[in-house]
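As structure tokens, the structure follows; a few thoughts come after it.
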Amino acid sequence: MGFLIAYSLVQLFNMFDGVSQGGRKSGVFSPSTASLPAFSSLTPNTEDKDLTPRPTCTLGPDSLNPKMFFFSLARCSATQDITKGCSETCRPAEGAVTAELVTTASSPKRETPLKPEWSTLRRKTKDDSADCHGLPPTPQVHMGACFSKVFNGCPLKINCAVTWIFPKTRDQHLILGAEEGIYTLNLNELHEDTLKKLLPQRCIWLYVMNNVLMSVSGKSSQLYSHSLPALFEQKGHLHKKHSSLSLSTNRLTERMSLRKFAISVKIPDTKGCRRCSVARNPYTDSTFLCGAVPSGLVLLLWYEPLQKFMHLKQLAIRLPDSLPIFELLVLATDEFPQLCVGVRDCSNDKPPTGQQLRFDIIELNGAPVPVPDSGALRAVQVTQLDRDTVLITLERTVKIVNLQGLPSRQLAAEIVFDFPIETLVCLQDSVLAFWKHGLKGRSFHSDEVTQEITDESRVFRVLGTNRDIILQSTPTDDPSALSSLYILTGHESSY
């Protein structure tokens, strides 16, 4: 027995010795485990290691494939090529895989002017667009913007538009606010070419927050809150039973359903609302809605547990008769945003304030102070890009300033276009300026043209820019003709 034990030990020693000397490997080592790097090479001494947090990823089932295991580890590294920490015997023998690793690890990340907190201020989340049934995806390439027509011959007098994804079917819907009511178009069923009426009231403003539709509608222009899933299901339910119910019974059922489930709710003290603005504070993750009413301002706060905007405060203040600018500006130090209602020139002041602009601000954190009615510049739009960068759209010029009104030092202080700007949309590293015959995009840094579409035979008008950019067009020589509806695709996703 002792002889057998000694013989087994000698054989085991010779097996390991053969491995260490580069001889024939035993079957104990499979090809997949033999190619793995030593664990110590993946965990260097923490004293010599940069402790800056790095992006990580979870290894899924594909990582169990021996050929893909090394590639999965390289993805986890994110900032360095993991092959540099392994010996030559640890590297994969297949040249194609090695080439893919080098490309993935060495590809530079595109610079962006947005801060990390502000990069999600208005950008669509992945959950919103994942498994969405709507327009087919368009490759986003340089100078690749195009108008994708979704409806031809629209008879409505449209004031605004938004898009929304029905959670139950994942169909993407275009929601239109018009003088004739609120209508919807299923972008997954464009072959039907049908606009369906959701609500009969006149609508002048729309905004979608999760599955809640906020609107300024009705004869009195009051702010409403609508549950979109309940509204869609109710319309479908009533349509199915319309043939089997009498007219009086159908009206009674609809009235009882509205009272029971509160599909549409009036927001108190908002009658006569003429302007609305929504802003998200990226530091506190709070979303505010401010409305201009005859008595002053009403401020609402989105309450996530109840999925609704809650009344926060009512401010009694005299507003200017005209409100071309009505934009909430977020400050990192304040709990509530500020309301900008105009921009003024400070060119009469001495340097260095000769190029400075001044915002007409109404404080929502304390006692509001009225702003003068006259003297403001004819600004078209004010847009906050990040923590201390604001874009002011004048007739043909976009001025980029900080919150004190001074020209930006990081970006171009001024971007000039050769047409009157009607709407401005901010992208990651450029702006899209829309005018009546198309659009043009320019870079924040180089001022080069990034996108351009021109069609002088049509007059275009932007209906909404919240999630998707929605446009309407009519023939230039016949403004009263039926219109066409488009969604801008192929451009870089708006932030």
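The values are calculated or read from the model by the stated rules, or taken from the named source; none is laboratory data. Every value quoted in this text rests on a predicted model; they were computed, and no experiment measured them. Glycine also receives a Cβ, built like all others from the backbone with ideal geometry; neighbour counts cover every protein chain displayed.
Do you know which of the residues in segment 151-210 that are touching a residue at least 24 places away in the same chain (Cβ under 8 Å) and of a type in the set (Gly, Ala, Ser) is farthest from residue 266 (Cα to Cα)?
153
Among the residues of segment 305-322, what is the count of those that are more than 19 Å from residue 266 (Cα to Cα) and not in a strand (DSSP E or B)?
Result for segment 305-322: 7.
Counting just the residues of segment 272-294 that are modelled with pLDDT of 95 or more and assigned to a loop (DSSP other than H, G, I, E, B), which one comes out surrounded by the fewest Cβ atoms within 10 Å (Cβ to Cβ)?
Looking at residues that are modelled with pLDDT of 95 or more and assigned to a loop (DSSP other than H, G, I, E, B), I get 294.
Where residues in segment 154-212 are assigned to a loop (DSSP other than H, G, I, E, B) and basic (Lys, Arg), which of them is farthest from residue 302 (Cα to Cα)?
Going through segment 154-212, the residues assigned to a loop (DSSP other than H, G, I, E, B) turn out to be 155-157, 166-170, 179-180, 187-195, 200-202, 210-211.
If we keep only those that are basic (Lys, Arg) too, we end up with 157, 168, 170, 202.
On the way: 157: 30, 168: 23, 170: 24, 202: 25 Å.
Result: 157.
Here's the yes/no breakdown for (1) surrounded by fewer than 17 Cβ atoms within 10 Å (Cβ to Cβ); (2) more than 15 Å from residue 485 (Cα to Cα); (3) at pLDDT below 95:
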site: 171; (1), (2), (3): no, yes, yes
site: 175; (1), (2), (3): no, no, no
site: 191; (1), (2), (3): yes, no, yes
site: 208; (1), (2), (3): no, yes, no
site: 213; (1), (2), (3): no, yes, no
site: 217; (1), (2), (3): no, yes, no
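One line per residue, one yes/no per condition, for (1) within 22 Å of the chain's Cα centre (by Cα); (2) over 28 Å from residue 290 (Cα atoms); (3) of a type in the set (Phe, Trp, Tyr):
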residue: 166; (1), (2), (3): yes, no, yes
residue: 170; (1), (2), (3): yes, yes, no
residue: 175; (1), (2), (3): yes, no, no
residue: 178; (1), (2), (3): no, no, no
residue: 183; (1), (2), (3): no, no, yes
residue: 186; (1), (2), (3): yes, yes, no
residue: 190; (1), (2), (3): no, yes, no
residue: 196; (1), (2), (3): no, yes, no
residue: 204; (1), (2), (3): no, no, no
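For the subset of segment 323-335 comprising residues that are in contact (Cβ under 8 Å) with a residue 40 or more places away in the chain and not in a strand (DSSP E or B), which member is farthest from residue 391 (Cα to Cα)? Show your work before the answer.
Here is the first cut: in segment 323-335, the ones in contact (Cβ under 8 Å) with a residue 40 or more places away in the chain are 323-332, 335.
Restricting the remaining residues to those that are not in a strand (DSSP E or B) gives 323-326, 330-332, 335.
On the way: 323: 18, 324: 15, 325: 12, 326: 14, 330: 14, 331: 15, 332: 18, 335: 22 Å.
Here the answer is 335.
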